[in-house]
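One structure is given below, encoded as structure tokens.
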Amino acid sequence: MTKVHQKISGCFRSIEGAENFCAIRSYVSSCRKQNITASTALNLLFSGHLPDIFVQQAE
């Protein structure tokens, strides 16, 4: 996806921007694989919570 984004927009303006894009894309992709919609995943993230798949259970 980074190459697609780079081709569409022309480039990333900074290394930090590319790293942020990769981190967000990875988070959303992992959530979607666990049947969590992208909008739900982002809503949880911005409200300060994470889906259960990222929270380790205490044994």
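The values are calculated or read from the model by the stated rules, or taken from the named source; none is laboratory data. Predicted model only: the values in this text are computed from it and were never measured. Positions of Cβ are generated from backbone atoms using ideal geometry, with glycine treated the same way; all protein chains shown enter the neighbour counts. The protein model used for the area step is the full one, side chains on, heavy atoms only, and it has no ligands, DNA or RNA in it. Shrake-Rupley method; radii C 1.70, N 1.55, O 1.52, S 1.80 Å.
Here C11 does not fit the description of being modelled with pLDDT of 90 or more and open to solvent by less than 90 Å² (accessible area, probe 1.4 Å). Note on the range 22-33: residues that are free of Cβ contacts under 8 Å to residues at least 12 places away in the same chain, open to solvent by 70 Å² or more (accessible area, probe 1.4 Å) and either part of a loop (DSSP other than H, G, I, E, B) or out of contact with any helix residue (DSSP H, G or I) (no Cβ under 7 Å at 6 or more places or on another chain) (or both) total 2.
Only a single criterion out of (1) β-branched (V, I, T); (2) open to solvent by 70 Å² or more (accessible area, probe 1.4 Å); (3) at pLDDT 85 or above; (4) in contact with a helix residue (DSSP H, G or I) (Cβ under 8 Å, 6 or more places away or on another chain) is not satisfied by I36, namely (2). Considering the range 25-42, the residues that are more than 8 Å from the chain's Cα centre (by Cα) and not hydrophobic (A, V, I, L, M, F, W, C) include one that is farthest from F54 (Cα to Cα), namely S39.
Applying a threshold of 7 Å to beta carbon distances and a minimum spacing of six or more residues, or different chains, the list of pairs starting in the range 34-53 at a residue that is over 13 Å from I24 (Cβ atoms) and ending at one that is modelled with pLDDT of 90 or more and among the hydroxyl-bearing types (S, T, Y) is empty.
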